Amino acid sequence: QPVAVEVLDHLEQLALVDFRDAEGVERLRKAIQFADQLHEVNTDGVEPMDSVLEDRCVYLREDDVTEGNCANELLKNAREKVEEYFVAPPGNIPLPKLEERETFLQGS
Amino acid sequence: AAWGCGGVWCRAWQRGAGGPSPFLRGQRAAASSARGGAVPVGKSGLAPWVPVVGLEIHAQISSNSKLFSGSQVQFAAPPNSLVSFFDASLPGTLPVLNRRCVEAAVMTGLALNCSINKKSLFDRKHYFYADLPAGYQITQQRVPIAVNGSLSYSLCIDNKMSQMVTKTVRIKQIQLEQDSGKSLHDDRRSQTLVDLNRAGVGLMEVVMEPDLCCGEEAAAAVRELQLILQTLGSSQAVMAEGQLRVDANVSVHHPGEPYGVRTEVKNINSIRFLAKAVDYEIQRQIEELENGGTILNETRAFDSKLGCTVPMRDKEGKQDYRFMPEPNLPPLILYDAKSLPANMNHQQVVNIDWIHERLPDLPSVKRAKLVEQYGILPEHSFALLNEDGLTEFFENVVKQTQMKPKKVIGWILNVLLSYLKQHSLTVKESPVSSFMMADLLNLLEKKEISSTAAKQVLAELWKGEGKSPLEIVKEKKLELIQDQKELERICQAVIDGQENE
């Protein structure tokens with residue numbers, strides 16, 4: 001079952017992935033098919049599980065200041081910085097709509 | 001019986017030329033009984049509108065360190081100095097929950113009459129923004145820590161303090177979540193500067209049901225919530241420092257019809273602006289719809305300079321948050337006296353009952369006690385609690401003076417408070433101490449000075465020159481003359497003076 005173009009377009013916009021070519025889209029379809037095997041298990045009356053940690057309870061930390069004060073180290077990762085601030089582009093730049101951008105999906 | 005809304009629309013309605021028509025009056029009655037909400041009028045003769053306002057409030061938790069990391073929580077520090085590797089979302093870091101934040105949320109839930117969920121879960125809410133380095137926020141979307149509460153607040157009817165009505169707004173839920181960093185937009189250089197000091201600070205999101213109907217109600221409800229949070233100490237709730245942020249969801253519809261499209265209004269920086277923003281947006285929507293337009297489901301920002309709402313950039317289009325369980329955090333389990341296992345490590349236990357027993361008196365209880373103990377009016381108790389430190393000042397004066405509290409309150413609220421407001425001072429900064437005030441009121445009570453003289457003395461005391469009330473009275477010869485003979489002599493002198501003209 002192929003994945004609808006609207007869904008692929010939605011994924012490209014949201015997750016900022018680029019399916020690039022038919023092979024990329026096919027890889028996605030195969031991944032979904034692989035995951036769909038989960039549906040073969042009968043889960044009637046079984047509570048969904050979030051994680052294998054579900055029977056534990058979260059560890060609580062004391063409210064002490066133990067970290068921070070490492071601006072220099074963190075800013076070493078920054079491609080660009082201005083006086084101890086990280087520099088980012090001016091707000092989110094949304095992907096153009098499907099009709100207006102060059103994506104493999106355009107041809108679909 | 002008070003109408004549902006003390007706001008502009010009710011008053012405009014009542015002042016309408018010639019009064020409401022029989023048709024509209026009937027409509028109003030139906031709408032009021034159906035929802036208890038206001039029925040404002042747009043253009044005369046057209047069907048009335050019912051505004052619906054729902055608030056989402058984010059309160060920064062008052063704690064030493066952040067929700068999931070050990071970096072410090074502090075306003076105004078050098079950029080990126082309060083940031084840990086986890087806050088910067090460096091790979092390999094994990095969230096570790098801060099106990100104090102959990103306690104703050106439980107306290108707040110209890111104070112707002114919520115059911116506390118003994119098991120709550122954490123989720124990831126995904127969206128891209130420069131101040132959210134992980135690309136997702138850890139929040140509690142599925143099962144939050146507290147649900148189904150209520151907040152009672154009071155409104156003055158008709159702008160007079162003398163008539164107050166109590167209203168309630170339902171609390172849908174309270175959830176723990178991370179704050180994001182701060183973006184500074186540099187439009188000139190077309191870039192955004194990011195400071196992550198705030199990223200990861202603990203927030204309590206208080207989600208209210210859309211039970212409010214105008215700016216005045218919204219402001220009153222938020223003010224009461226602010227007082228409650230400050231009393232609990234779970235948040236300092238200072239809006240100016242971003243510790244309390246309010247977003248308003250606003251829509252309008254005709255009575256009996258389905259709810260209209262709602263807009264979200266952000267960037268509201270004070271309680272006063274909240275009322276303005278809500279009222280503006282209601283009016284804007286009514287005008288738009290009456291002119292045949294439509295309302296877009298969009299996010300708008302309040303422009304405080306212009307007093308209006310404008311569409312917000314970066315918020316176009318519907319967001320898909322792709323909620324998923326936070327895989328790195330097991331469920332948060334809370335206990336009460338009954339469910340507490342015998343051999344638990346105390347440090348790992350948050351006991352709801354223990355917290356409940358230690359809740360301080362909430363504002364509503366404090367007010368009731370003040371009224372009962374001192375015989376003052378309810379609106380006086382509101383005024384006392386509304387100003388930081390004023391209740392304490394009042395009680396200190398009462399302790400040190402023979403004057404009845406009912407008389408003292410007038411001096412505190414009408415004289416002292418207006419002085420403070422005129423000079424933009426807080427009670428803590430008052431040049432007149434409660435001790436001096438009590439001294440002064442004692443002189444008045446013993447009839448050693450007149451009320452007018454007392455006000456003169458207060459004006460002198462206000463200069464803060466360190467003189468006592470008695471010293472000022474003697475200096476300015478403000479003593480009331482008690483001697484009968486002296487009084488006769490003065491009166492005679494005046495009469496003689498008149499005769500000579």
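Sort out for me the helices (runs of 4 or more DSSP H) sitting completely within chain A that have 1 or more residues that are free of Cβ contacts under 8 Å to residues at least 12 places away in the same chain, away from chain B (no Cβ under 14 Å) and out of contact with any Pro (no Cβ under 6 Å at 6 or more places or on another chain). Walk me through how you get there before you give the answer.
On the way: elements: A:5-15, A:22-36, A:71-75.
Answer list for chain A: A:22-36.
Looking only at segment B:195-215, which residues are among the hydrophobic types (A, V, I, L, M, F, W, C), within 19 Å of B:Ala59 (Cα to Cα) and more than 9 Å from every other protein chain (Cβ to nearest Cβ)?
Residues of segment B:195-215 among the hydrophobic types (A, V, I, L, M, F, W, C): B:196, B:199, B:201, B:203-204, B:206-208, B:212-214.
Cutting the leftovers down to within 19 Å of B:Ala59 (Cα to Cα) gives us B:196, B:199, B:201, B:203-204, B:206-208.
Hits for segment B:195-215 are B:Ala199, B:Val201, B:Leu203, B:Met204, B:Val206, B:Val207, B:Met208.
Would you confirm whether any residue within segment B:308-327 is of a type in the set (A, V, I, L, M) and under 23 Å from B:Cys213 (Cβ atoms)? Let's see the steps before the verdict.
Filtering segment B:308-327 down to residues of a type in the set (A, V, I, L, M) leaves B:310, B:312, B:324.
Then keep just the ones that are under 23 Å from B:Cys213 (Cβ atoms); that gives none.
Within segment B:308-327, none of the residues are of a type in the set (A, V, I, L, M) and under 23 Å from B:Cys213 (Cβ atoms).
Which fully enclosed strands (runs of 3 or more DSSP E) of segment B:107-194 have 1 or more residues being in contact (Cβ under 8 Å) with a residue 40 or more places away in the chain, within 11 Å of chain A (Cβ to nearest Cβ) and not hydrophobic (A, V, I, L, M, F, W, C)? Explain how you work it out, then say what you get.
Details: elements: B:123-126, B:136-139, B:146-156, B:164-178, B:182-186.
Correct list: B:123-126, B:182-186.
Conditions (1) surrounded by fewer than 12 Cβ atoms within 10 Å (Cβ to Cβ); (2) among the small types (Gly, Ala, Ser); (3) closer than 30 Å to B:Val398 by Cβ; (4) within 14 Å of another protein chain (Cβ to nearest Cβ), marked per residue:
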| residue | (1), (2), (3), (4) |
| --- | --- |
| B:Glu288 | no, no, no, no |
| B:Gly293 | yes, yes, no, no |
| B:Glu298 | no, no, no, no |
| B:Pro325 | no, no, no, yes |
| B:Gln347 | yes, no, no, yes |
| B:Val350 | no, no, no, yes |
| B:Ser364 | no, yes, yes, no |
| B:Ala368 | no, yes, yes, no |
| B:Asn386 | no, no, yes, no |
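Would you say B:Lys455 is within 26 Å of B:Val365 (Cα to Cα), of a type in the set (Lys, Arg) and free of Cβ contacts under 8 Å to residues at least 60 places away in the same chain? Explain how you work it out, then say what you get.
On the way: within 26 Å of B:Val365 (Cα to Cα): no; of a type in the set (Lys, Arg): yes; free of Cβ contacts under 8 Å to residues at least 60 places away in the same chain: yes.
No: the conditions fail for B:Lys455.
Checking B:Ser430 against (1) surrounded by fewer than 19 Cβ atoms within 10 Å (Cβ to Cβ); (2) within 21 Å of B:Leu390 (Cα to Cα), only one condition comes out false. Which one?
(1)
Any residue at all in segment B:303-320 that is outside any helix (DSSP H, G or I), under 30 Å from A:Asp50 (Cα atoms) and more than 14 Å from chain A (Cβ to nearest Cβ)?
There is no residue in segment B:303-320 that is outside any helix (DSSP H, G or I), under 30 Å from A:Asp50 (Cα atoms) and more than 14 Å from chain A (Cβ to nearest Cβ).
Evaluate the following for B:Thr192: is it in contact with an Asp or Glu (Cβ under 6 Å, 6 or more places away or on another chain) and among the hydroxyl-bearing types (Ser, Thr, Tyr)? Lay out the reasoning, then the answer.
Values: in contact with an Asp or Glu (Cβ under 6 Å, 6 or more places away or on another chain): no; among the hydroxyl-bearing types (Ser, Thr, Tyr): yes.
No: the conditions fail for B:Thr192.
Of B:Leu470, B:Leu478, which residue is assigned to a helix (DSSP H, G or I), surrounded by 11 or more Cβ atoms within 10 Å (Cβ to Cβ) and modelled with pLDDT under 85?
On the way: B:Leu478 fails: assigned to a helix (DSSP H, G or I).
The match here is B:Leu470.
For residues in segment B:43-86 being surrounded by fewer than 22 Cβ atoms within 10 Å (Cβ to Cβ) and in contact with a Pro (Cβ under 6 Å, 6 or more places away or on another chain), which is nearest to the other protein chains (Cβ to nearest Cβ)?
Filtering first and then ranking leaves B:Gly54.
State whether the residues of segment B:68-76 include one that is closer than 18 Å to B:Val350 by Cα and in the same structural domain as B:Leu274 (by the TED database).
Of segment B:68-76, the ones closer than 18 Å to B:Val350 by Cα are B:68.
Checking which are in the same structural domain as B:Leu274 (by the TED database) leaves us with B:68.
Looking for residues that are closer than 18 Å to B:Val350 by Cα and in the same structural domain as B:Leu274 (by the TED database), one finds at least one in segment B:68-76, hence yes.
Which condition does B:Leu340 not pass, out of (1) outside any helix (DSSP H, G or I); (2) free of Cβ contacts under 8 Å to residues at least 24 places away in the same chain; (3) in the same structural domain as B:Tyr259 (by the TED database), if it passes all the others?
The single condition B:Leu340 does not satisfy is (3).
The values are calculated or read from the model by the stated rules, or taken from the named source; none is laboratory data. Not measured: the values here are computed from a predicted model. Positions of Cβ are generated from backbone atoms using ideal geometry, with glycine treated the same way; all protein chains shown enter the neighbour counts.
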